[in-house]
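Scroll down for the structure; my scribbles are underneath it.
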Amino acid sequence: MIDINALEQEVMLSIQNATSTESLEAIRVDIAGKNGKLTMAMKDLANLSVDEKRQVGQALNSFRDRFTLLLTEKKAQLEHE
(Lines give C-alpha, C1' and ligand atoms only; values in the text may rest on other atoms or scores of the structure.)
Protein backbone atom coordinates (compact mmCIF):
# COMPACT_ATOMS: atom_id res chain seq x y z
CA MET A 1 0.00 0.00 0.00
CA ILE A 2 1.14 3.53 -0.72
CA ASP A 3 2.40 5.83 2.04
CA ILE A 4 -0.20 8.59 1.79
CA ASN A 5 1.67 11.07 4.00
CA ALA A 6 4.91 10.74 2.03
CA LEU A 7 3.02 11.05 -1.26
CA GLU A 8 1.20 14.13 -0.01
CA GLN A 9 4.42 15.85 1.08
CA GLU A 10 6.06 15.05 -2.26
CA VAL A 11 3.09 16.27 -4.28
CA MET A 12 2.51 19.45 -2.29
CA LEU A 13 6.18 20.40 -2.66
CA SER A 14 6.02 19.69 -6.41
CA ILE A 15 2.94 21.89 -6.79
CA GLN A 16 4.50 24.73 -4.80
CA ASN A 17 7.63 24.58 -6.97
CA ALA A 18 5.74 24.38 -10.28
CA THR A 19 6.50 27.27 -12.61
CA SER A 20 3.99 26.64 -15.41
CA THR A 21 0.54 25.28 -16.01
CA GLU A 22 2.14 22.54 -18.11
CA SER A 23 4.15 21.31 -15.12
CA LEU A 24 0.97 21.38 -13.01
CA GLU A 25 -0.79 19.26 -15.62
CA ALA A 26 2.07 16.76 -15.55
CA ILE A 27 1.72 16.55 -11.75
CA ARG A 28 -2.04 16.08 -12.06
CA VAL A 29 -1.65 13.26 -14.56
CA ASP A 30 1.04 11.57 -12.45
CA ILE A 31 -1.23 11.62 -9.40
CA ALA A 32 -4.83 11.54 -10.62
CA GLY A 33 -4.54 10.32 -14.19
CA LYS A 34 -5.77 6.94 -15.42
CA ASN A 35 -2.61 5.22 -14.15
CA GLY A 36 -1.78 7.83 -11.51
CA LYS A 37 -0.59 7.10 -8.01
CA LEU A 38 -3.85 8.17 -6.36
CA THR A 39 -5.94 6.25 -8.89
CA MET A 40 -3.91 3.08 -8.28
CA ALA A 41 -4.16 3.51 -4.51
CA MET A 42 -7.95 3.80 -4.83
CA LYS A 43 -8.02 0.60 -6.88
CA ASP A 44 -5.94 -1.14 -4.21
CA LEU A 45 -8.71 -0.50 -1.67
CA ALA A 46 -10.43 -3.62 -3.00
CA ASN A 47 -7.67 -5.73 -1.47
CA LEU A 48 -8.15 -4.38 2.07
CA SER A 49 -10.39 -5.44 4.92
CA VAL A 50 -13.54 -3.43 5.63
CA ASP A 51 -11.92 -1.52 8.51
CA GLU A 52 -8.78 -0.81 6.49
CA LYS A 53 -10.88 0.33 3.53
CA ARG A 54 -12.68 2.82 5.74
CA GLN A 55 -9.49 4.30 7.20
CA VAL A 56 -7.42 4.30 4.02
CA GLY A 57 -10.36 5.46 1.91
CA GLN A 58 -10.95 8.46 4.15
CA ALA A 59 -7.26 9.34 4.06
CA LEU A 60 -7.15 9.05 0.27
CA ASN A 61 -10.29 11.18 -0.12
CA SER A 62 -8.85 13.86 2.17
CA PHE A 63 -5.60 13.81 0.22
CA ARG A 64 -7.48 14.06 -3.08
CA ASP A 65 -9.46 17.07 -1.82
CA ARG A 66 -6.32 18.88 -0.59
CA PHE A 67 -4.49 18.00 -3.81
CA THR A 68 -7.30 19.33 -5.99
CA LEU A 69 -7.59 22.55 -3.98
CA LEU A 70 -3.86 23.28 -4.01
CA LEU A 71 -3.61 22.43 -7.71
CA THR A 72 -6.49 24.77 -8.54
CA GLU A 73 -5.07 27.59 -6.44
CA LYS A 74 -1.59 27.25 -7.96
CA LYS A 75 -3.03 27.13 -11.48
CA ALA A 76 -4.98 30.34 -10.86
CA GLN A 77 -1.85 31.97 -9.46
CA LEU A 78 0.24 30.99 -12.50
CA GLU A 79 -2.42 32.15 -14.95
CA HIS A 80 -2.51 35.60 -13.33
CA GLU A 81 1.26 36.09 -13.46
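Can you work out the base-10 log of I(q)/I(0) for the chain at q = 0.11, 0.23, 0.25, 0.27 1/Å, using the Debye formula on its C-alpha atoms alone?
-0.30, -1.05, -1.19, -1.33
Per the 1.4 Å probe, what fraction of the accessible area of the chain, in percent, lies on carbon and sulfur atoms?
Working: 2730 of 5390 Å².
Carbon and sulfur atoms account for 51 percent of the accessible area of the chain.
Between D51, D65, D30, where does the largest GNM mean-square fluctuation fall for the chain, given springs only between Cα atoms within less than 10 Å?
Checking each option, the largest mean-square fluctuation is seen for D51.
Full extension from S14 to K53: what is 0.36 nm times the residue separation minus their Cα-Cα distance, to one decimal in nm? The partial results should precede the final answer.
Details: separation 39, 0.36 × 39 = 14.04 nm, distance 2.76 nm.
In short, 11.3 nm is gained.
Membrane-span-like helices in the chain: DSSP H runs reaching 15 Å or more (Cα, own axis), mean Kyte hydropathy at least 0.0? Don't skip to the end; give the middle numbers.
Details: long enough: 4-17 (20 Å, 0.19); 21-32 (16 Å, 0.34); 50-79 (43 Å, -0.76).
Sorted by number, the helices that extend far enough and score high enough are 4-17, 21-32.
Below 26 Å, Cα to Cα, which lysines can K43 reach? Residues fewer than 8 away in the same chain don't count.
K43 reaches K34, K53.
The values are calculated or read from the model by the stated rules, or taken from the named source; none is laboratory data. Small disclaimer: the values here were computed from a predicted structure and weren't measured. With ligands, DNA and RNA removed, areas are computed over all heavy atoms of the protein, side chains included. Shrake-Rupley method; radii C 1.70, N 1.55, O 1.52, S 1.80 Å.
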